[in-house]
Structure formats: structure tokens, C-alpha cells
1. Per residue and in Å³, how big is the convex hull formed by the alpha-carbon atoms of segment 1-123?
2. Using the heavy atoms of the protein chains and a 1.4 angstrom probe, tell me the accessible area per residue for the chain in square angstrom.
3. Taking θ as phi - 60°, what are the ³J(HN,Hα) couplings along segment 189-206 by the Karplus curve (6.51, -1.76, 1.60), each to the nearest whole Hz, with x for Gly and Pro?
4. What is the pair-distance distribution P(r) of segment 97-171, computed from all Cα-Cα distances in 10 Å bins starting at 0, with each bin given as a whole percent?
5. For segment 77-82, take each phi angle, set θ = phi - 60°, evaluate the Karplus expression 6.51 cos²θ - 1.76 cosθ + 1.60, and give the result in whole Hz per residue in order, putting x for glycine and proline.
6. With all protein chains present, how much of the accessible area of segment 100-150 (probe radius 1.4 Å) comes from carbon and sulfur, to the nearest whole percent?
7. Short version: ³J(HN,Hα) in whole Hz for each residue of segment 124-136, in order, from phi by Karplus 6.51 cos²θ - 1.76 cosθ + 1.60 (θ = phi - 60°), x for Gly and Pro, what are they?
8. Heavy atoms only, probe 1.4 Å: what % of the accessible area of segment 165-211 goes to carbon and sulfur, would you let me know?
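The values are calculated or read from the model by the stated rules, or taken from the named source; none is laboratory data. Predicted, not measured: the structure shown is a model, and the values here were computed from it. With ideal geometry, Cβ positions are generated from the backbone for all residues, glycine too; neighbour counts draw on all protein chains shown. These area figures cover heavy atoms from the full protein model, side chains too; ligands, DNA and RNA do not enter into them. Shrake-Rupley method; radii C 1.70, N 1.55, O 1.52, S 1.80 Å.
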Amino acid sequence: WDCQFSPFDRVLATCSGDRTVKLWSLSDLSCVRTFQGHAASTLRVRFLGGGLQLMSSGADGLVKLWTIRTNECEATMDGHNDKVWALDLHQDGTTFVSGGADSRIIVWNDTTKELEDAKRDEEEKNILMEQRLSNHLRFKEYEKALEIALELDKPRQALKVLTAIIENDVQKGQNSMSTLKDHVKSWPMSRTTQVLRYCRDWNTRARNSHV
């Protein structure tokens, strides 16, 4: 149904009624890759990502993104309800357009970079929070440490901090629950529910039942 020469390498991509996309070497005319995943004929194929990826559309109404090196389908987009006859890329490399027999033209944006940036920012935030957690534990600032452990959704760390709070009160000759009772009063219901969920799991082991 369609073929596309790579603008980067001596290869040719084709799609056909056998529901596959194939990559051919122009040097010896051999098939070097076969991409399977469409449930009906593949109708259009385009190179993107510096020639490292392929975009295909099919009679199943799907648009698929493939990584050439691994043969893996990285994403499937199902915005159409019928055959996707048209597929093309914008020169910016982050936008592509598909057109189908359902009389729809859809503009798609590649948000990979934004998602990767958000993931990296989240990882950096977690590293910083874990460092703060470690510092609060070192200086016995248990209530601050508990809030960070809960914000990071780390049950094991939360258990460690709760145990430290209880033991610290006992060492001071106070009621083992006095600090916790005062602290829990400021929690919203969502936080209380979170900790009760942790307690349910902790209590499946006898050594944690004191908490």
C-alpha cells in the first residue's frame, strides 16, 4: 500500500495487505526487519526520530509507533474509527497528521520530551525529599520525617519513623502514643486513610503489630 525511503540510511520501509511493516536494505534488497501488530492491512508508513523510529497506520484504524532497533511497538493511537489512509509528519519532528475513512483529520503531538522532563523532575524531587527524610531522622525530627515518608508513599520508612516516635516517647517516660495523638489531629482524612491502609498491611506480621 505504501513505501518510504529513509532520509538517513539506505533502507526502505513498506506496508501491505499482510498486516506488517517491513524494512528493506537497499544494498542487497533483503528484508532486515518485520513489524507486526496491526490487525488489518497496513496502509501508510513514515520515518521519524532521525530514522530510528517508524510510524504506521492501518485499516484497523490504529496508528503505531515503532522502534526500529528493537522491533518494539512503543505506542498505539486509536483516534480513528475506520481505515487510516493518510499519514504525514511535520518538519519539526514532533507533530504528525493522520486522516481516515471516518472523515476525521487528527493532529498528534509527540509529548515524549515533556514526559521525560517531568519524570526527571519527579526523580530529582524524590532524591531531595529522601535526603531531607534522612536528615530529619538523623536529628530526631521524627514528626517532619513522618510527613515526608507519607508524602513519598514509603510504608517501610513510615513504619520506621512511627516506631522511633513511640520509642522516643517511652524513653521520655511519656505515654507511647502522646506525640502521635497530637500529630494525627492535624491530618486530613486522606492522610488518615493512607496510614490505616499501611497499618492493615503491617499487622499481617506479628513484629509490626505494636504500631
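1. Measuring per residue, one finds 108 Å³ for the Cα hull of segment 1-123.
2. Heavy-atom accessible area per residue stands at 62 Å².
3. Here the 3J(HN,Hα) series is 4, 4, 5, 4, 4, 4, 5, 5, 5, 4, 4, 4, 6, 4, 6, 6, 10, 4 Hz.
4. With 10 Å bins starting at 0, P(r) equals 17, 30, 16, 12, 11, 9, 4, 0.
5. These are the phi-based 3J(HN,Hα) values: 10, 10, x, 9, 10, 8 Hz.
6. Carbon and sulfur together cover 52 percent of it.
7. Computed from phi, the couplings for segment 124-136 are 5, 5, 5, 4, 5, 5, 5, 5, 5, 4, 4, 5, 4 Hz.
8. 52
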